[in-house]
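The values are calculated or read from the model by the stated rules, or taken from the named source; none is laboratory data. Quick caveat: nothing in here was measured; it's all calculated off a predicted structure. Here Cβ is always computed from backbone atoms with ideal geometry, including for glycine, and neighbour counts include all displayed protein chains.
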Amino acid sequence: MSRIGRLPVAIPADVTVVVAENNKVTVKGPKGTLERELPSEMEIKAEGAEVVVTRPNDLKRMKSLHGLTRTLINNMVIGVSKGYEKVLEVNGVGYRAAKSGNKLTLNLGYSHPVEMIDPEGLEVVVEGQNKIIVKGIDKEKVGQYAAEIRDKRRPEPYKGKGIKYADEVIRRKVGKTGKK
C-alpha cells in the first residue's frame, strides 16, 4: 500500500472540498479557490473533516498515481489556507531587482534590464534591492515562476553571482592559480 496515498488529507475548519464527476476537485478557502482535474481512476471521497484517496488495483500505474493524487489534494488544501512562498536572493555587484506595478525589473549585468510580468494569481514582492518573494496559492505556479526568475541568471560556482533560492547552497569551485 502507498504510504503517502493511504494517509487521509485533513481539512481545516475554514476550507471546503467538493469532488465533482471526472474527479474534478474544487478547494475553497480564505485565500481563494483552486480547481484541478485529477486522474479518473482514483476514488476520492470527502468524508467529514478529511479526504481519502483509494486506488482500484495494484498495477504499477495505479500505485504511482495514488500518492500523487493525495499529495496534489493536500497541496491545494495548504495553498488555500496558508499559501505558498518562495524567496530568491540576487547576489552580485550591480545586480538588483525592482518592482513597479505588476512588472519585475532585474538588472543582472546584461546590456539591458530584464523585465518580467507577474502571472495571474501570483504576487511578487521585492525587499530591498536583492530579495524577491513570490507568493501564491498554487504551489506549482509559485515554483514555476520562481524557477523562471532564477533562470534569468543562474548562480555561478566561482563567485556565487546570480539569482539563487534563499535556502539553496551553491557549491563553490576554486579559481585559477598562478604559475610558479
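Considering the range 13-29, and only residues there that are assigned to a loop (DSSP other than H, G, I, E, B) and touching a Pro at 6+ places or on another chain (Cβ under 9 Å), the residue that is surrounded by the fewest Cβ atoms within 10 Å (Cβ to Cβ) turns out to be 14.
For residue 79, indicate whether it is in contact (Cβ under 8 Å) with a residue 40 or more places away in the chain and either closer than 25 Å to residue 31 by Cβ or assigned to a strand (DSSP E or B) (or both). When the stated conditions are applied, residue 79 passes them.
Any idea how many residues of the range 93-112 are of a type in the set (Gly, Ala, Ser) and under 22 Å from residue 123 (Cβ atoms)?
Total meeting the criteria: 4.
Here residue 96 does not qualify as out of contact with any strand residue (DSSP E or B) (no Cβ under 8 Å at 6 or more places or on another chain) and either at pLDDT below 95 or of a type in the set (A, V, I, L, M, F, W, C) (or both). Every test in (1) among the polar types (S, T, N, Q); (2) loosely packed, with under 13 Cβ neighbours inside 10 Å; (3) without any contact (Cβ under 8 Å) to a residue 12 or more places away in the chain is passed by residue 40 save one, and that test is (3). Counted as qualifying within the range 92-168 are the strands (runs of 3 or more DSSP E) with 2 or more residues that are within 14 Å of the chain's Cα centre (by Cα) and surrounded by 14 or more Cβ atoms within 10 Å (Cβ to Cβ), namely 122-127, 131-136.
Selection of first residues in the range 154-180 that are at positive phi and of a type in the set (Val, Ile, Thr) and of second residues that are outside any loop (DSSP other than H, G, I, E, B) and exposed (fewer than 13 other Cβ atoms within 10 Å of the Cβ), restricted to Cβ pairs under 8 Å at least 6 apart or on distinct chains, gives an empty result.
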